[in-house]
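The values are calculated or read from the model by the stated rules, or taken from the named source; none is laboratory data. The shown structure was predicted, so the numbers you read here are calculated from the model rather than taken from an experiment. Because the Cβ atoms are built from the backbone with ideal geometry, glycine has one as well, and the counts that use them run over all protein chains shown.
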Amino acid sequence: MNSSLFSRQVAALRRFAGVLLRHPQSALGTALVFFFLFLAIFGSGLAPYPNPNDQRHDVRLSPTLDIGALQLGAHPFGTDRLGRDVYSRVILGAGSIFRIAGLGTVISVLVGSAVGLYMGYRGGWFDELLGRVIDALLAIPALLLALVLVGIIRNLDFEIGSWQAELADNVVLLVIAVLYVPVVARVARSSALDIKTREFVEAAEIRGEPTYYIIFREILPSVIPALVVEASLRFSYAIFLVASLGFLGFGARPPSPDWGLMVNENRGGFYQLTPWALDFPALAIALLVIAVNLMSDGIRRAVQKGN
Amino acid sequence: MTAPLLDVENLTVSYRIGKRWIPAVRDFHLQLAPGHIVGLVGESGSGKSTVALALMRYLGSNGRVESGGRLDFAGEDLLSKSDAEMRSIWARRVKLVPQNAGAALNPSMKIGAQVTEVLGAAMGTGGAEAEQAMLQIFHDVNLVDPEKVADRYPHELSGGMQQRVVIAMALITNPELLILDEPTTGLDVTTEAVILDLVRGLMAERDTGVIYITHNLGVVAQLCERVLVLYAGEIMEEAPVEQLYALPRHPYSLGLLNSVPRLGQSKADSRLHSISGNPPALAELTRGCVFADRCEFVIDKCRVEKPPLEQLGDGRAARCFRWEEVDASFLGPAVGSSEGERVLQRDDADTDTLMRVTNLKKHFPVAKSLEDWLRGRTPAPIRAVDGVNLTLRAGQTLGLVGESGSGKTTLSRLIIGLQERTGGQLELLGMDIRNSVRERSPDVLSKLQMVFQNPQNSLNPYLSVRQALRRPLVKLRGMTPAGAEAEVAQLLRRVNLREDYADRFPDELSGGEKQRVVIARAFASDPDLIICDEPVSALDVSVQSAVLNLLARLQEEHGSAYLFISHDLAVVGYLSDVIAVMYLGQLFEVGAASDLFQPPYHPYTEALVSAIPVADPHHKAERMLLHDVLPSAQRLPSGCRFHTRCPRKIGAVCEEEAPPWREVEAGHAIRCHIPLEELSALQHSFPRSEEIG
């Protein structure tokens, strides 16, 4: 790629970041997302107890702030009923939520935009057929579809260590992809419908360019802004979904430090004993979802201004 | 002169861009008496619409009128009025007719309700009285069947009717000042002629002062008494209309007048005069003359000192140091060619047939409605192109003219293969060619190329000029990347662009530069036929002529043929060797460009030719107005398709039988029931041939 294209991209990115960070809300959201991302990457180095399942029976049920003992630093968020350090578990939980929601979003955006662009550009019976399938998928409530899919895959009996078992372990990731591919495809399709009527696409057709060239080289660049906005929106929904499935017991399995799972494990009677073991992971979920939403609002604004 | 209706002195209008206020219109002045009509001419970005809004004090929040100027309307100072006072002035005394009438009407309200609403808001009249006033004004603007029009929604009216409704809405309160902002741009010449006649007639009856804003010098010549020529926000010249056209005193007015091709002027006679360069951006105005960079008369003084708007007597003024040296001898087409080469006259006999179009058809099927399903009917298709026969010769230009909706664009898309034909044959160099681009061989693809109407959308905004030009070279001419690199530079030079433009992106190019790149891209595969669909209609007048010159020169160098589509007959006439006139999917006249604008011609051609606003105030041709709208291509008229609008209809035979082709001479044929001698006799010669000079 020539240098002038590179410098243009740098300038565009700088403009984009400028608009994104000028607004206080989206700046705050972006900062928080990056804070959680930092935890997700370096969590194991930051957590005082790198093994989230360390059970220390001597400190079971220890509160957040024991005024008497005043052991701040040892267990800032207290310990749960099994003596696990909540602070460490919250930090370590960031990794799994980012991995599953993030990877799920990436897969759904890649697959969804390829499918959607092809549908939009090609049109005809192919578009018609796939369009109906997408409509059908979108008609089913997301959480219900997710529960059914997880239920089915979890109950299949796989050989331990086989790729199927590996897949079953990452079933939530798969569910996110299945749920969001149609949504992204719809956005990509409608953008492609708009772009394909432009004369530069016709000029490419007159040159006899193959379909993949027209889709990826001529249409895709103009659609990317819309896809970026959609991706950020999908990411925030994916986080919500991962947490929900965890809470319902269909996501990560105990004893992994999943935020949703932690909320589930510590509700009911246990909440009287160790309210902090529920409050902190719940707070983390809420903060991250709000942060991603603020950021995606900002991204939408920045993309619209940029055009 | 009576007391002025509008008296503007020293008006400066600024827009906020980022944190700065940038003056978009500087030192504007204007005097307008009641019952008079003044024209405001300028290209895009000249500030003419800004003036219109400023005169009404209707600028957005990012615009303001700077203090120090004067804006008096009927003796009142508008600049000191409060918003509430302005609103009552807007309601009845000053009216604006915008360019896009379709967008000015509320799509969810019936026409009648919208018009009476204006009356209610302005004068408090309602009920039967308002109804009566509305019907009267509809009658005045020549709307047929006012009651029916009032009962329709805007989308049910044609563009010309919508424009008439908007003019009626403006006139209904009997305003003292009417500002028309490009009211006919975007309309067909035939409709434009009707609207211009209407404005002229209404002004004669009422005592309204009119400001007519346009970029079309022909319209100004036909309509206005005085003209202000605007450039980059400053008045360049002010003059009574006859004097401006006879003797422009500013190099810019001169350049504008010279860059428009006259009807009958041909590429074989001369190149068009063009103004080099691009208008300056608002933010980079220099302290000298704003036109200095593009001026042929420029001297050193122009670059450092701003010329004043000098009064020349006779109500004329010009902003130029050297106005005395600009005189009538510079008017008229450039002698020889501006690019230093003489165009050769081609001999028809020894050119080969490049493409033969035989009985080409395109019928768009119409989806069945529920009623159609129940009755087991198939609705009639839209016959966009319905049996066209054409021959294109190598190295020649075939011009295609007709109103919008006549099927010109569909025909071109069938030939290029972007649309699949319903029937008929296409032969390129004697071989049959396939329906769509997907089925055509690379060899055929490389022989056919296209230049589009809208340069804005013709280039991918994410690809550099180099990438846009390299692709066809590699793809269609099989060049290696290294070879293509050298050829890109070559192509850019050929379209008069510097080589360093290769690294620019479309958003760094002006409209004219984009179109040059598009033309270079079309020529990259060394095609035999290039389809040009309205290639200059989106460009400014001063840029248009340069692009037309370029097309003429490239044709000379490459020997490519053009299929040239345009609604502008003078432009088509300039570039074409042969012209075909299309109406409702069929050709009605085909002939050599030099013959076509002389009688005898088909009544439809006659109407098209007479509708052109000629850029000469002394030229008052008898107009042959086409009132009705184009019939639907789904329900075509029987017999001759033109009979519903034909002013020369001779009787039942026109409604019942399809007209025969009558040959005037070799290569010139007319499809009409009227015998040729009679046509000739009916169409007394217009004084067009002398004017070509």
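Summary table below
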| read-out | value |
| --- | --- |
| All positions within region A:197-221 that are farther than 22 Å from B:ASP533 by Cβ and within 7 Å of chain B (Cβ to nearest Cβ) | A:PRO221 |
| Those residues of region B:507-526 which are touching a residue at least 24 places away in the same chain (Cβ under 8 Å) and at the interface with chain A (Cβ under 10 Å from one of its Cβ atoms), in sequence order | B:ASP507, B:VAL518, B:ARG521, B:ALA522, B:ALA524, B:SER525 |
| Residue among A:ALA114, A:ALA94, A:ALA47 that alone is in contact with a Phe, Trp or Tyr (Cβ under 7 Å, 6 or more places away or on another chain) and modelled with pLDDT of 75 or more | A:ALA94 |
| Residues of region B:256-273 that turn out to be buried (at least 24 other Cβ atoms within 10 Å of the Cβ) and within 17 Å of B:LEU550 (Cβ to Cβ), as a count | 5 |
| Residue selected from region B:439-467 under the condition assigned to a helix (DSSP H, G or I) and within 8 Å of another protein chain (Cβ to nearest Cβ), by the criterion modelled with the lowest pLDDT | B:PRO442 |
| Long-range neighbours under 9 Å by Cβ, at least six apart or interchain, first residue within 14 Å of chain A (Cβ to nearest Cβ) and without any contact (Cβ under 8 Å) to a residue 40 or more places away in the chain within region B:405-428, second part of a strand (DSSP E or B) and among the β-branched types (Val, Ile, Thr) | B:ARG413/B:ILE531 |
| Selected residue (only one of B:ASP197, B:ASP207 is assigned to a helix (DSSP H, G or I), closer than 22 Å to B:LYS95 by Cα, outside the structural domain of B:PRO308 (by TED's automatic domain parsing) and of a type in the set (Asp, Glu)) | B:ASP197 |
| Listing of helices (runs of 4 or more DSSP H) fully contained in region B:227-336 that carry 3 or more residues being on the phi > 0 side of the Ramachandran plot and of a type in the set (D, E, K, R) | none |
| Test set (1) surrounded by 22 or more Cβ atoms within 10 Å (Cβ to Cβ); (2) out of contact with any Asp or Glu (no Cβ under 7 Å at 6 or more places or on another chain) - B:ASP207 fails condition number | (1) |
| Among the candidates A:VAL201, A:VAL223, A:VAL184, A:VAL229, residue that is closer than 17 Å to A:SER108 by Cβ and touching an Asp or Glu at 6+ places or on another chain (Cβ under 7 Å) | A:VAL184 |
| Candidate set: region B:475-506, residues that are at the interface with chain A (Cβ under 10 Å from one of its Cβ atoms) and part of a helix (DSSP H, G or I); chosen: the one nearest to B:LYS447 (Cα to Cα) | B:LEU476 |
| Region B:598-646, subset charged (D, E, K, R) and in a loop (DSSP other than H, G, I, E, B), residue nearest to B:LEU244 (Cα to Cα) | B:ASP616 |
| Residue check, A:ILE134 at pLDDT 90 or above and surrounded by 17 or more Cβ atoms within 10 Å (Cβ to Cβ) | yes |
| Subset of region B:548-573 (residues that are crowded, with 23+ Cβ neighbours inside 10 Å, part of a helix (DSSP H, G or I) and either within 14 Å of chain A (Cβ to nearest Cβ) or within 15 Å of the chain's Cα centre (by Cα) (or both)) | B:LEU548, B:LEU569, B:VAL571, B:VAL572, B:GLY573 |
| Matching strands (runs of 3 or more DSSP E) fully within region B:22-90 where at least 1 residues are surrounded by fewer than 18 Cβ atoms within 10 Å (Cβ to Cβ) and free of Cβ contacts under 8 Å to residues at least 60 places away in the same chain | B:63-65 |
| Unmet requirement for B:LEU78, which otherwise passes all of (1) in the same structural domain as B:VAL210 (by TED's automatic domain parsing); (2) touching a Lys or Arg at 6+ places or on another chain (Cβ under 7 Å); (3) within 22 Å of B:VAL199 (Cα to Cα) | (3) |
